[in-house]
Structure formats: structure tokens, C-alpha cells
1. Could you count how many residues in the stretch 26-61 are within 16 Å of the ligand (Cβ to nearest atom) and either farther than 22 Å from H75 by Cα or in a helix (DSSP H, G or I) (or both)?
2. Can you give me the number of residues within the stretch 1-25 that are part of a loop (DSSP other than H, G, I, E, B) and within 21 Å of M98 (Cβ to Cβ)?
3. Among the residues of the stretch 100-126, how many are within 14 Å of the ligand (Cβ to nearest atom), surrounded by fewer than 19 Cβ atoms within 10 Å (Cβ to Cβ) and assigned to a helix (DSSP H, G or I)?
4. Where the second residue is within 11 Å of the ligand (Cβ to nearest atom) and the first is charged (D, E, K, R) and lies in the stretch 24-47, which pairs have Cβ atoms under 7 Å and are six or more apart or on separate chains?
5. Within the stretch 127-159, track down each residue that is surrounded by fewer than 18 Cβ atoms within 10 Å (Cβ to Cβ), within 15 Å of the ligand (Cβ to nearest atom), at pLDDT 95 or above and not in a strand (DSSP E or B).
6. If we scan the stretch 145-153, do we find a residue that is more than 23 Å from F173 (Cβ to Cβ) and among the small types (G, A, S)?
7. For the stretch 119-170, enumerate the residues that are hydroxyl-bearing (S, T, Y) and within 13 Å of I16 (Cβ to Cβ).
8. Take the residues of the stretch 160-172 that are within 22 Å of the chain's Cα centre (by Cα) and assigned to a loop (DSSP other than H, G, I, E, B): which is surrounded by the fewest Cβ atoms within 10 Å (Cβ to Cβ)?
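The values are calculated or read from the model by the stated rules, or taken from the named source; none is laboratory data. Remember, predicted model here, so these are calculated numbers, not experimental data. For neighbour counting, all protein chains shown are included, and Cβ atoms are generated from backbone atoms with ideal geometry for every residue, glycine included.
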Amino acid sequence: MSLRDKNIVLGVSGGIAAYKIPMLVRMLKKAGANVQVIMTPAAHDFVTPVTLSTLSGRPVITDFIKNKEGEWHHHVNLALWADLMVFAPVTANTLSKMATGQAGNFLLAVYMSAKCPVMIAPAMDLDMYAHPATQNNLKTLASYGYEIIPATEGELASGLTGYGRMEEPENIFNRILAHFKKKVVWQAGKFW
Ligand SMILES: Cc1cc2nc3c(=O)[nH]c(=O)nc-3n(C[C@H](O)[C@H](O)[C@H](O)COP(=O)(O)O)c2cc1C
């Protein structure tokens, strides 16, 4: 199935799994999607904006303000442009801000303005993932109607083994394809 003409906002936050996101961008672009990557400031420590802008064919956005002349990125317009927002990887920090409706960076402001479906692929160390706060945040986000792509079990960057690995990019890509195959249409917080 093609993703031609589908507008996807891909939100990348500051987890080690961000190094896998270039592969996801490549798959989405090959399938024909328009991909706008938004990074949190912390994500820059894990993958470069140059890599992601080259693969997506669009400048990556991190900050509201573009330059010293005061031009700014329009978070509301970008939110309305999106047919789907995908968060991968999502840190414990960004997850909790999404669950509580905080808008302290550009990515979160786009998220708060979006009316489109949202997919969330968390990634963190096993104890952060198992923490009741994280699990409650995931439940809250699922209750908003968002699709959670659960973390998988395996070896983690810390050297520990357990649940917390971001789902592999191929599987996230397949979830995105499956989403666009759905016959139902998501609008205003309900399936119609
Ligand atoms: C090497 C390293 C790896 C990290 N990996 C993760 C991670 O996988 N998941 C996570 O939730 N936080 C991770 N963190 C912590 C986040 O980078 C930190 O909480 C940051 O404030 C997240 O900001 P953001 O949510 O705005 O991107 C890591 C930090 C370091 C130094």
C-alpha cells in the first residue's frame, strides 16, 4: 500500500532509540508519505537533524522561533496539516507531558493543537517503563484514543534486559500502513 499524499508529523524525543529513526523516515518516504520531523532539544544528542532533514527532504523543526528577525514556525498550521502524528521514540519525560497537556516545546505545542490520530512508541529503561507513573500515563493517553505501540522486551542501552525497547522501525511502519488501511475515519475524538 502506498502512503502517497499522506502527511505525517514524526516527533522524536531524547531517547537512545532515536538512532533508529532515520530508517523509519526512509521507509515512510519510500512509501510516498510527506514527512515532517520535529525533534525535542534533547533528541539532538541522539540523532542529527542533518540526517533526518536529508532523509525527509524537509528541514527538521525544534524551536518555535526561526531566526533573529522573529519569524516563527506555525505549530497550529502544522498540526492541521498532519494526517497522522507518530511519536517515536517517546521518552518518559515527553510521555508525561503529553498525558498532562503541557506545551513547553514545539513538539508538544503541535501535539496539543492536533486533531489527527496519534501513535505513540515509548522507549526507556525497564524500571522507567514499569514505573506506575509511566504506566498510568500510557493508560491516560490510550484513553484519549491514541494508539500505543508498546515497548518490547530485550537488551536495553543500560545493559539491563527487560521491557522498554522501542518497537522496531519496520513494525512501526507496518502499524502506520495498517492505520491508513482502516475503513473507519477518526474525527474529533470519535470513530465514525
Ligand atoms: C545516554 C542517554 C540515554 C537516554 N535514553 C533515554 C530513553 O531511552 N528513554 C527516556 O525516557 N529517557 C532517556 N534519557 C533521558 C532523557 O534524555 C531526558 O529525560 C530528557 O530530558 C528527555 O527530554 P525530551 O523528552 O524533551 O526529549 C537518556 C539520557 C541519556 C543521557
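1. The initial filter retains those residues of the stretch 26-61 that are within 16 Å of the ligand (Cβ to nearest atom), namely 37-49, 52, 60-61.
Okay, now just the ones that are also either farther than 22 Å from H75 by Cα or in a helix (DSSP H, G or I) (or both), so 41-47, 49, 52.
So the answer is 9.
2. 3
3. Matching residues across the stretch 100-126 total 1.
4. D45/G14
5. Scanning the stretch 127-159 gives D127, A130, H131, A133, Q135, P150.
6. The answer is no, given that none of the residues of the stretch 145-153 is more than 23 Å from F173 (Cβ to Cβ) and among the small types (G, A, S).
7. At the first step, the residues of the stretch 119-170 found to be hydroxyl-bearing (S, T, Y) are 129, 134, 140, 143-144, 146, 152, 158, 161, 163.
Of everything in the stretch 119-170, just one residue is hydroxyl-bearing (S, T, Y) and within 13 Å of I16 (Cβ to Cβ), namely S158.
8. Among them, the one singled out is E168.
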